[in-house]
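*Asks:* Mind looking over this structure? Questions follow.
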Amino acid sequence: MPPITALLHTANDALRLGRTLETLLPCREILIVDHHSADATRRIAREYGARIVTADSPANTSHYLDLAGYDWILCMEPGESITEGLQASLFEWSALPGVAGGPAFSVFVREQSGENWLELPTPQARLIPRGWTRWQGRFPAPEPSAIALEGELLRFTWP
């Protein structure tokens, strides 16, 4: 059973971080890379048992994978939450024998847009092995061969 580390980058995200952390039940570890927050972000992260490291500005994203306690990393941002369906998929995924192979797993994203929700047409690679090297900013680069997990990731605009 491969355990999962959730990896989030934060910067003054106290108002929305709790909602995100509440949904990370399938993750055995939460690793917060804090970019010098001046609000209660770090306190809230500690309340949820997250391990916090201070962002090292010249470090690339791959550097933070080395700090994860487990070999599979779920990359998220503070304004996102995983649905119960995606939680169930992650629990089922982590119970499968021989999951160590495969380049990445992707998730479908629904984004809040005012009072409506937009379903993004292409799933995004978010569950990656520790040795991942392809990045687009702080997230894994698109991976066409990634297997889409059931359930959705919700992205809230504010807070």
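*Asks:* Counting DSSP beta bridges with both partners in the range 18-152, what percentage is antiparallel, nearest 5? Can you show the working numbers first?
*Replies:* Working: 12 of 19 bridges.
Of the beta bridges lying entirely in the range 18-152, close to 65 percent run antiparallel.
*Asks:* So what's the gap between the Cα centers of the range 10-46 and the range 89-159, to the nearest angstrom?
*Replies:* After rounding, the separation between the Cα centres reads 19 Å.
*Asks:* Place +1 on the Cβ of every Lys and Arg and -1 on the Cβ of every Asp and Glu in the range 6-71, take the dipole about the Cα centre, and give the residue among 24, 36, 63 whose Cα lies farthest towards its positive end.
*Replies:* Checking the options against the dipole of the range 6-71, the answer is 24.
*Asks:* Now for a separate question. Any idea what the relative contact order of the chain is, in percent, if you count C-alpha pairs under 8 Å spaced at least 6 apart?
*Replies:* 27 percent
*Asks:* Sequence gap at least 6, Cα distance under 8 Å: using those rules, report the relative contact order of the range 1-65 to the nearest whole percent. It would help to have the intermediate numbers written out before the result.
*Replies:* Details: 94 pairs, mean separation 22.6, N = 65.
Relative contact order comes out at 35 percent.
*Asks:* Classify the range 88-155 as rounded, prolate or oblate, taking a ≥ b ≥ c as the square roots of the eigenvalues of its Cα gyration tensor: rounded when a/c is under 1.5, otherwise prolate if a/b is larger than b/c and oblate if not. Please list the in-between numbers first.
*Replies:* On the way: a/c = 2.59, a/b = 1.45, b/c = 1.79.
In terms of gyration-tensor shape, oblate.
*Asks:* By its C-alpha gyration tensor, with a ≥ b ≥ c as the square roots of the eigenvalues, how is the range 1-60 shaped: rounded for a/c under 1.5, else prolate for a/b larger than b/c, else oblate? Don't skip to the end; give the middle numbers.
*Replies:* Values: a/c = 2.35, a/b = 1.26, b/c = 1.87.
In terms of gyration-tensor shape, oblate.
*Asks:* Sticking with this one: Just want to confirm a number: the relative contact order over the range 96-159, from Cα pairs under 8 angstrom separated by 6+ residues, in percent.
*Replies:* Numbers: 99 pairs, mean separation 27.5, N = 64.
RCO, the range 96-159: 43 percent.
*Asks:* With Cβ to Cβ distances under 13 Å as the rule, what net charge do the other residues near residue 71 carry (K, R +1; D, E -1)? Can you show the working numbers first?
*Replies:* Values: positive: 28, 130; negative: 29, 66.
Spelling it out: positives minus negatives among the neighbours equals 0.
*Asks:* Further question: FRET efficiency for residue 51 and residue 116, Cβ-Cβ distance as r, R0 = 25 Å, nearest 0.05?
*Replies:* It comes out at approximately 0.10.
*Asks:* Right, next: So what's the chain giving for Cα Rg divided by 2.2 N^0.38 Å, two decimals? Kindly include the intermediate steps, with their values, before the conclusion.
*Replies:* Working: Rg = 14.8 Å, N = 159, 2.2 N^0.38 = 15.1 Å.
Normalised Cα radius of gyration, the chain: 0.98.
*Asks:* Suppose every K and R has +1 on its Cβ and every D and E has -1 on its Cβ; what is the size of the dipole of the chain about the Cα centre, in Debye to the nearest 20? The partial results should precede the final answer.
*Replies:* Values: 13 positive and 19 negative charges, 68 e Å.
Its charge dipole is roughly 320 debye.
*Asks:* Give me the 1.4 Å probe accessible area per residue for the chain, excluding ligands and nucleic acids, in Å². Mind dumping the intermediate values first?
*Replies:* Details: 7910 Å² over 159 residues.
Normalised by residue count, the accessible surface of the chain is 50 Å².
*Asks:* Could you sort 66, 13 by accessible area so the largest value comes first, with the probe set to 1.4 Å? Don't skip to the end; give the middle numbers.
*Replies:* Details: 66 110, 13 15 Å².
Putting 66, 13 in descending order of accessible area: 66, 13.
*Asks:* Let me ask something else about it. If I compute solvent accessible area with a 1.4 Å probe over the protein chains, what percent of it on the chain is carbon and sulfur?
*Replies:* On the way: 4190 of 7910 Å².
Carbon and sulfur together cover 53 percent of it.
The values are calculated or read from the model by the stated rules, or taken from the named source; none is laboratory data. Predicted, not measured: the structure shown is a model, and the values here were computed from it. A quick note on method: Cβ atoms are made from the backbone with ideal geometry, for glycine too, and the neighbour counts reach across all protein chains shown. Ligands, DNA and RNA are excluded from the accessible area calculation, which covers all protein heavy atoms including side chains. Shrake-Rupley method; radii C 1.70, N 1.55, O 1.52, S 1.80 Å.
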